[in-house]
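Colleague: Structure incoming, see below.
The values are calculated or read from the model by the stated rules, or taken from the named source; none is laboratory data. If you're wondering where the values come from, they're calculated on a predicted model, not measured in any experiment. Methodologically, a virtual Cβ is constructed for each residue, glycine included, from the backbone with ideal geometry; neighbour enumeration extends over all protein chains shown.
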Amino acid sequence: MMLHTTIGTLRAERVGSVTGNNTDSGDPVYRILGIPYAHAERFREPEPVAADSSGDVVNSGCGQCFPQRLMPGFMNLFLRHFQLRPEWQPREDVQGEDALRVNVWTSGPARPKPVLVFIHGGDCGSGTLPIYDGTHLAAQGVVVVTVTYRIGVLGHLHVVDGDRISCDRALLDQQAALRWVKDNVSALGGDPERITLMGHCGGAQYALYQALNPDNRGLFHRLILCSGQRATPQPLDPDAEREAFARLLADNRLHDYRELAAAPVSRLLRLAQPTMTLSTTMDQPFFKVDPRDVLHEGAFPHVPVLVGSTADEFSMIEIPMWYRRMGIAKTPEEFERTTARLYGRWAGPLADALRPEAADLPDLQIKMMELLVFHSAALNLMERLSAHTSVYGYRFEYVPNLYRGLRGAYHGAEVAIFFGNLDRMRIPITADNRRAMAVTQRDWLGFVRDGVMPHRPAFDARAQITRYRGDGEAVRFPHLELLRELEGTDLAHRVVDAYMSRR
């Protein structure tokens, strides 16, 4: 069907109805896919789309994603890896380089509703993965917007063209999308003064970076950071970038930037030794001031923040056939050598603290990694942000009934449960799963609507967070004293570097 709005005619699909106690109860919920917010030439900054007054249809009406390589689905018969399942893969999307799109779920413009803008994570995927479908949240009176932005080499590859050095174009894409939402969401039933920016994994890192850019003040009013790793972008060394780019060209038998920019996308996806670390974009600087200074000085918008992690973040790599590649020891002797090499004098204290929670020796090493990569990052953000604004923390322990709970409260479980999309996963949904969705949505939608979570503790000097188990409970941040002892060490960076080099 077609919806006629002030931003043009939109292809839409009715996917549900508003439920509950909303005044719009019974109104239809529409899914509107593929609305362009910008266009960009390869490796160039995004240009906002011009307003369309022609009356033509504005959007594609289908899922779109940037080119990416997908592992064959049959592999998951052996791996049983949640992120290789269909609900986490853009297999139904149309791949192409003109995919700077937002996707919207709304019950229409009858009254202004709070807006949730979601930035997906990872170096693959899109805003139209089934796990991010906004139907269930829109049925509860929220306008959901997902953002598709440049990923992989198209979004992150460091390139040099004369004096122009470019990387992390994804940040500029997301910023352009946020500006589009602010300017246009009212035509789709959203309240431009009640926008929540939410990100998961790499998307959480990006959402934080958007918050640390003073130019974005007023573009959103609450912030949800799920399972980020807090790798702060570093300023570029221009000479080092030119040397690295020259090596990239040589390694891939390319002569210059123009040949790279004109290469078939299939060749780009197979580049040898690409540099894609998170760094400050140079061609049109995203950060005009150092984000580390912004965070230290509290010079960011003081919006309410919800931040946390799941209990089993690294269950994604707890697969025996990957242990050798990931450097995970299987015998006590190997464990002593491996952990001493990676953690130094902290190997013993970390192992002693986490051994009661671990099922076996590999699981103990996974929990050591989780503590240093995800949980320490969440604590660090809670402590730093709570000095300037209201912060809620969480530890997510609900287990979706996936592979009979094999992966536990895995990386992304809170996203699946908050969006209410266990039904998209084609798994048995238990009574506990339904209670988890009800409790999580009650708390988090309250935060989206009003910036507070009634009956949940804000993070303060008591260091309390909400542990999502059963009906949820207030607990002191787990292993708080140990993590505070580790502040100032480089262990988290070492673990992240070791993990990223072995992926």
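Colleague: With the requirement that a residue be at pLDDT below 85 and either surrounded by 14 or more Cβ atoms within 10 Å (Cβ to Cβ) or assigned to a helix (DSSP H, G or I) (or both), what does the range 467-503 give you?
Modeller: Within the range 467-503, His493, Val496, Asp497, Ala498, Tyr499, Met500, Ser501, Arg502 meet the criteria.
Rundown of residues vs (1) in the same structural domain as Gln234 (by TED's automatic domain parsing); (2) in a loop (DSSP other than H, G, I, E, B); (3) over 28 Å from Glu193 (Cα atoms), yes/no style:
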| position | (1), (2), (3) |
| --- | --- |
| Glu87 | yes, no, yes |
| Pro90 | yes, yes, yes |
| Glu97 | yes, yes, yes |
| Pro109 | yes, yes, no |
| Leu116 | yes, no, no |
| Thr128 | yes, yes, no |
| Gln140 | yes, yes, no |
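Colleague: I'm checking my understanding of the structure. Among residues of the range 359-398 that are of a type in the set (S, T, N, Q) and in a helix (DSSP H, G or I), which one is farthest from Tyr468 (Cα to Cα)?
Modeller: Going through the qualifying residues, I end up with Gln365.
Colleague: When you check Ala177 against the structure, is it in a helix (DSSP H, G or I) and either within 18 Å of Thr389 (Cβ to Cβ) or modelled with pLDDT of 95 or more (or both), yes or no?
Modeller: Here the answer is yes, as Ala177 does meet what is asked.
Colleague: Continuing with the same structure: Output yes when any residue across the range 100-107 is outside any loop (DSSP other than H, G, I, E, B), under 19 Å from the mean Cα position of the chain (by Cα), under 25 Å from Gly73 (Cα atoms) and touching a residue at least 60 places away in the same chain (Cβ under 8 Å), and no when none is.
Modeller: The answer is no; no qualifying residue exists.
Colleague: Looking only at the range 276-286, decide whether some residue is among the hydrophobic types (A, V, I, L, M, F, W, C) and in a helix (DSSP H, G or I).
Modeller: no
Colleague: I need the full set of residues from the range 435-451 which are surrounded by fewer than 15 Cβ atoms within 10 Å (Cβ to Cβ) and more than 19 Å from Gly470 (Cα to Cα), in order please.
Modeller: Asp450
Colleague: Is the range 150-162 home to any residue that is modelled with pLDDT of 95 or more and farther than 30 Å from Ala272 by Cβ?
Modeller: No, every residue in the range 150-162 fails to be modelled with pLDDT of 95 or more and farther than 30 Å from Ala272 by Cβ.
Colleague: So Val289 ticks every box in (1) modelled with pLDDT of 95 or more; (2) among the β-branched types (Val, Ile, Thr); (3) more than 20 Å from the chain's Cα centre (by Cα) but one. Which box is left unticked?
Modeller: (1)
Colleague: I'd like to know if the range 369-377 contains one or more residues that are of a type outside the set (Gly, Ala, Ser), in contact (Cβ under 8 Å) with a residue 24 or more places away in the chain, surrounded by fewer than 19 Cβ atoms within 10 Å (Cβ to Cβ) and in the same structural domain as Leu491 (by TED's automatic domain parsing).
Modeller: Scanning the range 369-377, I find no residue that is of a type outside the set (Gly, Ala, Ser), in contact (Cβ under 8 Å) with a residue 24 or more places away in the chain, surrounded by fewer than 19 Cβ atoms within 10 Å (Cβ to Cβ) and in the same structural domain as Leu491 (by TED's automatic domain parsing), so the answer is no.
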